[in-house]
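K.L.:
Encoded as structure tokens, here's the structure I'll be asking about.
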Amino acid sequence: GSGVIFANAATLAGHVTVEDGATVGACVTIDRATFGRTVIGARTKIDNQVQIGHNVQIGEDCVLVAQVGVAGSTRVGRGAVCAGQSGLSGHLTIGEGARIGAATAVLQDLPAGAFTLHVSKSGFVPLYFGQRRPFERRTTIQLRPGTKATADIRLPRAGAIVGRIVDQTGEPVMGARV
């Protein structure tokens, strides 16, 4: 397939490629590459209101749920899932099969099969798994097919945990507890 381009051809020399079987929802913006190509891989599913930056490479069989933002020059590996309202900073590499939880900001590379968990509540400072204070380095949870994980989270004074666990399509997992 091919993308629709609304840009000044004098300033951008790149292209957008949407490969076979990929679906793009309503109100999705895919930025034309500065040079080279912005690529949406085969059979990738992009939900409504998603922003894909310039020179981004989305692998095959990925799922990007509503309101995901992917900043420029990020590479997303095959089969990765970005749940609703998650954001990927620019120039990152997201490994094959990585899972990014809803409303999670990813600011560093994620290895293949990684899972991120974001904890927040209105009126509280958000923390990621592995952080004791905001802005500290966070820990990535690694899950393999058929395995389980338990996450012990130490909350700061007056902290609270709320959330939900979602599957690769962004739907809540039945019986999962937060």
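Where a number appears in this text, it was derived from the coordinates with a stated rule and is not lab data. All values derive from a computational prediction rather than experimental measurement. Here Cβ is always computed from backbone atoms with ideal geometry, including for glycine, and neighbour counts include all displayed protein chains.
K.L.:
Where in region 84-108 does the label zone of Thr29 land, with the point 7 angstrom along Cα→C-beta and an amide N cut-off under 20 Å?
P.N.:
84-92, 103-106
K.L.:
Relative to the present Cα-Cα distance, how much length would full extension add between Val173 and Ala103 at 0.36 nm per residue of separation? Each step should come with its number before you reach the end.
P.N.:
Values: separation 70, 0.36 × 70 = 25.20 nm, distance 1.64 nm.
Gain in length upon complete extension: 23.6 nm.
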